[in-house]
Amino acid sequence: MDKNQTNPAKILILATLSGGYRGADGVGQLHADYPPNTYILPVVCPSMFREEFYLKAFERGVDAIIVMFSGSDCPYKDGASKTADIVNRTYPLMKELGLEIDRLRLAAICTVCTTPFQREVKRMEEILDNIGPIERPFSLTPAVQLSTA
């Protein structure tokens with residue numbers, strides 16, 4: 001049995017209440033499944049989460065993060081573009097820490113997107129099968145300057 005089978009990589013999904021979370025709920029209503037190492041955090045809008053959140057999630061045991069929202073379901077002004085900006089600012093910080101940027105993805109998932117929801121989770125599982133979980137212990141270094149914006 002390999003390392004991934006005994007301790008599967010953890011996938012965190014930030015799912016908007018009015019989009020991605022409803023897609024996940026639809027998967028459950030269909031009695032379809034997705035890997036048990038997937039954790040769904042319902043959120044109002046992913047633009048609430050700054051770069052620090054993603055990096056600290058990686059530090060604390062999460063191996064991959066998928067941000068699922070339709071782009072138009074955020075109640076905050078310019079939420080979609082702010083989310084994209086935050087994720088794009090996170091990628092260079094991940095590189096500086098030696099983390100593959102494939103570990104963080106934005107995905108457009110709407111209220112009825114059950115198949116795309118499952119496809120995104122499966123895609124991330126495949127990515128993690130190739131790159132593996134983050135080697136622990138892993139910690140943020142003082143050299144990484146986190147945004148205060």
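In region 94-132, which residue that is in contact with a strand residue (DSSP E or B) (Cβ under 9 Å, 6 or more places away or on another chain) and in a loop (DSSP other than H, G, I, E, B) is modelled with the lowest pLDDT?
Cys113
Considering only region 83-105, state which residues are in contact with a helix residue (DSSP H, G or I) (Cβ under 8 Å, 6 or more places away or on another chain), surrounded by fewer than 20 Cβ atoms within 10 Å (Cβ to Cβ) and closer than 15 Å to Ser70 by Cα.
Across region 83-105, the qualifying residue is only Arg105.
Taking region 6-40 as the search range and keeping residues that are of a type in the set (Ser, Thr, Tyr) and modelled with pLDDT of 85 or more, which one is surrounded by the most Cβ atoms within 10 Å (Cβ to Cβ)? Break it down into steps so the answer makes sense when it comes.
Here is the first cut: in region 6-40, the ones of a type in the set (Ser, Thr, Tyr) are 6, 16, 18, 21, 34, 38-39.
Filter again for modelled with pLDDT of 85 or more, leaving 38-39.
On the way: Thr38: 18, Tyr39: 11.
Ranking the candidates gives Thr38 first.
Please find, within region 45-60, the residue that is surrounded by the fewest Cβ atoms within 10 Å (Cβ to Cβ) out of those that are under 20 Å from Phe138 (Cα atoms) and among the hydrophobic types (A, V, I, L, M, F, W, C).
In this case the residue turns out to be Phe53.
Give me the residue from region 41-93 that is part of a loop (DSSP other than H, G, I, E, B) and under 12 Å from Leu14 (Cβ atoms) and, out of that set, modelled with the lowest pLDDT. Reasoning before the result, please.
From region 41-93, those part of a loop (DSSP other than H, G, I, E, B) are 44-45, 49-50, 60-63, 69-78; that's our starting set.
Now restrict to residues that are under 12 Å from Leu14 (Cβ atoms): 44-45, 49, 62, 69, 74.
Values: Val44: 86, Cys45: 84, Phe49: 92, Val62: 97, Phe69: 77, Cys74: 60.
Here the residue is Cys74.
The values are calculated or read from the model by the stated rules, or taken from the named source; none is laboratory data. Small disclaimer: the values here were computed from a predicted structure and weren't measured. Reconstructed Cβ throughout: ideal geometry from the backbone, glycine too, with neighbour counts over all protein chains shown.
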